[in-house]
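No value in this document is a laboratory result; all are computed from the given coordinates. Given the structure is predicted, the values throughout are model-derived calculations rather than measurements. Cβ atoms come from the backbone with ideal geometry, glycine included; neighbour counts cover every protein chain shown.
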Amino acid sequence: MEPKLFASQKLIEISRSHLGLVAQEQLGGARPFYSPGVAVTEAILCDWVASAQVGHCIQYHEGLLLRDRSEISSDLSTKDRARIHSLARRAWIACELGLVHLFSQKVDDDHYRYMAMRSSSPLKPPEIRTQLRIAQMAPSNRKHH
């Protein structure tokens with residue numbers, strides 16, 4: 001007897017449901033995607049997360065985060081590197097709080113779009129803003145040598 005496989009559409013529906021995402025049909029087709037015309041800051045990200053609908057996405061960075069945050073290999077100014085570093089940390093915190101799902105989309109070699117997709121939350125926008133702004137990254141379990 002051959003194993004029974006889920007139809008790909010059914011698997012996507014199960015995954016979306018598990019993640020608390022709205023069905024694509026409820027979003028009216030294409031996924032809403034927000035790419036601000038200015039460099040995204042922590043404040044912009046926090047406000048977006050608090051006000052975005054479940055399933056909506058924001059592009060919070062484009063480039064290569066590892067390189068763009070590096071003092072050695074980045075061509076960016078110290079101020080821009082610090083903004084990107086803080087932004088990436090805040091996006092990770094939002095993910096740890098269960099407010100967003102993070103993913104990247106390859107554009108070219110060493111060039112990615114970094115995205116956050118709003119997930120469901122019982123919190124109201126003011127509570128989300130407060131949680132995001134006061135939350136700190138969880139301490140790592142790495143041993144320092």
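Taking each residue as 0.36 nm, the span from E127 to F33 lengthens on full extension beyond its C-alpha to C-alpha distance by 31.5 nm.
Separation of the stretch 58-123 and the stretch 34-55, taken as the distance between their Cα centroids, equals 12 angstrom. Cβ crowding within 10 Å ranks V100, V107, V40 as V107, V40, V100, fewest other Cβ atoms first. Stretched out straight at 0.36 nm per residue, the stretch from D109 to S70 would grow longer than its current Cα-Cα span by 12.3 nm.
Stretching the chain fully between S77 and E96 yields a gain of 4.0 nm (0.36 nm per residue, less the alpha carbon separation).
With a cut-off of 14 Å between beta carbons, the residues surrounding P126 carry a summed charge of +1, where Lys and Arg count +1 and Asp and Glu -1.
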